[in-house]
Each structure stands twice: as C-alpha cells, then as structure tokens.
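Student: Handing you a structure now.
Just so it is clear, none of the values below were taken in a lab; they were calculated from the coordinates. Since this is a predicted model, take the numbers as computed values, not measurements. Here Cβ is always computed from backbone atoms with ideal geometry, including for glycine, and neighbour counts include all displayed protein chains.
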Amino acid sequence: MLVLSPTALRSVIWAWFGLGLATFVALWFVTAPYGRHSRSGWGPLISSRLGWILMEIPAVATVAALFLASRRQANLEAFIFLAMWELHYVQRTFVFPFLLPRGAARMPLWIVALGFVFNLLNGCLQGTWLFRIGPARGPEWLADPRFMIGAALFLGGMTLNWHSDAVLRALREPGTSGYRVPYGGLYRWVSCPNYLGEVIEWAGWAVATWSLAGAAFAFWTAANLVPRAFSHHCWYRRHFPGYPEERRALIPYW
C-alpha cells in the first residue's frame, strides 16, 4: 500500500466498498459459523481465544508500523488517530480473548484466516491513508467539530460495546456453559447492543478522521454486524419462549 498513488488508493478503497456490499448481501443468507451459531462441517476448529488473537493482531501491527514508518510521527493529530485505533485493537487482541469463558465454542480455522486477511488489508488502508497519502490536517483538526463529534461517537460506541460484552460475560457463572437472555443496559431495547456500539464506534472513526478509508471501514462494520445482529435476534426468539417482544435486533424501536 505504501507505493500506491492517491488515485490508486482511492480506487482500491472503492473496490473495498464493493466487496463489503457483497459481504453484506451474502451474510443475510449464510450466518458465519462461530459463537452461538457454531455448527459442524466447516473444517478444522481452534480455540476461540487463540482465534481472536490471530484475527486481530494484524490490525494492531499494521497501523502502528505504518505510523512509525511515516513522516508524521511528530504530528499530534496523527498520534491521536493511532492512539484511538490501538485503544480498540489492543483491547480486542490482548484483553477480550482472555475474558472469554473457558467453555466458549471453538472457531473454524477458515473464519480466523478470513479475519486475519481482512484486518491486514484494512489496517494497511487505514494507515496508508492517515499517515502517508491523506491530508496532514495539523493540530487544529483536534478542535474541529468533525473531530470532536467523531471522537465522542468513537468513545461512546466503544463504551457501549465493552459494557454490553461485560453483561454477556456476567451471565455465565463459573463452571457453567450455555446461553441465557441478557438484561440490563441497552439490552432493555435491543438484542445486540455490543454490535450497535461497534457500529457507532467506527462511524465515529470515519467522522473523526474524515477519510474515505474510515468511511469504508464503517461501512464494512455495518455490513458484517447488521446481518449478524438479526441472526442473533432470531436465535434468541427460537431458543427462548417469551423472549421480550419489545426488543429489536440492533436499533431501539426499529
């Protein structure tokens, strides 16, 4: 990615949008077979803990490497973008997997491979845009309303995501397995507030960076998580008679 011209990088990003759209359509017909949707017949399995680490580590490494290899290391806004990115991905790579219960369903190796490739390519796109080809916005960008609104959405979405994941973890007492109906927080209105939080988070990233690459990632996040939220919602309704009728899949009251 480092050798791409601005025009070529934009073309790659628009192709990335197109692949995200194709993924969005496909996921309405095939639910990725991990977590509560695990099922046999999808190849070799590895532990979910190892799977999450392997999937997410390219995102930690690529953006940091591109920042360190750039001429923008002294730019405050570039450092803030890096810090926001790493705040999410260090937690997702090195904290989240170790919070998973020991009895968590195993993950198909091909899902891990797809996640690894996605995070490698997406990290390259984000880092190349922010630290090489995109505009160097200067420290005044941090006082721009677009950055402030985007950063607030990013941090708010991240907080919602982490809190909702914690509610799910608290449902399992030590030594138990299986799934239960979550209550509390935004689970009062939706089945997947953790996914809603992540969609908000990366929409905030797109606004805060005001970048085509950021917009593509926000689009990919929704393309992946919106269909999965509906799959979760339908799963809850099938497995738990009397599941709260007022809950929606992802967006309250909609």
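Student: Average the reciprocal distances over every distinct pair of alpha-carbons in the range 101-181, invert the result, and give the Kirkwood radius in Å.
Tutor: 16.8
Student: So for Trp254, Trp14, fewest C-beta neighbours within 10 Å to most, what's the order?
Tutor: Trp254, Trp14
Student: Now for a different question. Using a 10 angstrom cutoff on alpha carbons, build the Gaussian network for the chain and name the most mobile of Glu56, Glu198, Glu173.
Tutor: Highest fluctuation among the options: Glu173.
Student: Still on this structure, I have one more. For the chain, set up a GNM with springs between Cα atoms under 10 Å and report which of Ala223, Ala151, Ala65 has the largest fluctuation.
Tutor: Maximum fluctuation in the GNM of the chain, among the listed residues, is at Ala65.
Student: Once you keep just the Cα pairs under 8 angstrom separated by 6 or more residues, what percentage relative contact order results for the chain?
Tutor: Rounded, it is 24 percent for the chain.
Student: Sort Leu160, Leu121 so the one with the fewest other Cβ atoms within 10 Å of its own Cβ comes first.
Tutor: Fewest to most other Cβ atoms nearby, the residues stand as Leu121, Leu160.
Student: Right, another one. Mean Kyte-Doolittle of at least 1.0 plus a Cα span of 27 Å or more along the axis: flag which DSSP H helices in the chain meet both, please.
Tutor: 6-27, 48-68, 109-128
Student: Pick from Ala64, Ala208, Ala166 the residue whose mean-square fluctuation is largest in a GNM of the chain, springs joining Cα atoms under 10 Å.
Tutor: Comparing Ala64, Ala208, Ala166 in the GNM, the peak value goes to Ala166.
Student: Moving to a separate point now. Determine one quarter of the surface area of the Cα convex hull of the chain, which equals its mean projected area, and express it in nm² to one decimal.
Tutor: Directional mean of the projected Cα hull area for the chain stands at 14.1 nm².
Student: In bins 10 Å wide, starting from 0, what share of all Cα pairs of the range 112-254 does each bin hold, as a percent?
Tutor: 11, 33, 31, 18, 6, 1
Student: Then there is this: What distance in nm separates the simple spin-label points at Arg237 and Ala170, each placed 7 Å from Cα in the Cβ direction?
Tutor: Reported label-point gap for Arg237 and Ala170 is 2.7 nm.
Student: Whose amide H sits under 5 Å from the amide H of Ile46, counting only residues 5 or more places off or on another chain, with H placed in the peptide plane?
Tutor: Counting only residues 5 or more places away or on other chains, the set is Met107, Leu109.
Student: Report the one residue of Leu68, Leu225, Trp16 whose Cα lies farthest in the direction of the positive end of the charge dipole of the chain (charges on C-beta: Lys and Arg +1, Asp and Glu -1; origin at the Cα centre).
Tutor: Projecting each Cα onto the dipole axis, the largest value belongs to Leu225.
Student: Using the Cα centre as the reference, give the magnitude of the dipole from point charges on the C-beta atoms of the chain (Lys, Arg: +1; Asp, Glu: -1; all else neutral), rounded to the nearest 20 debye.
Tutor: About 600 debye.
Student: Also, I was wondering about something else. How would His239, His233, His163 line up from fewest to most surrounding beta-carbon atoms within 10 angstrom?
Tutor: Lowest count first: His239, His163, His233.
Student: How large is ³J(HN,Hα) for each residue in the range 37-42, as worked out from phi by the Karplus curve 6.51 cos²θ - 1.76 cosθ + 1.60 (θ = phi - 60°), to whole Hz, x for Gly and Pro?
Tutor: Each residue of the range 37-42 in turn: 9, 4, 7, 6, x, 10 Hz.
Student: Would you compute, for the Cα atoms of the range 1-140, the largest minus smallest coordinate along each principal axis and list the three values in descending order, in whole Å?
Tutor: Taking max minus min along each principal axis of the Cα atoms, the range 1-140 gives 50, 32, 23 Å.
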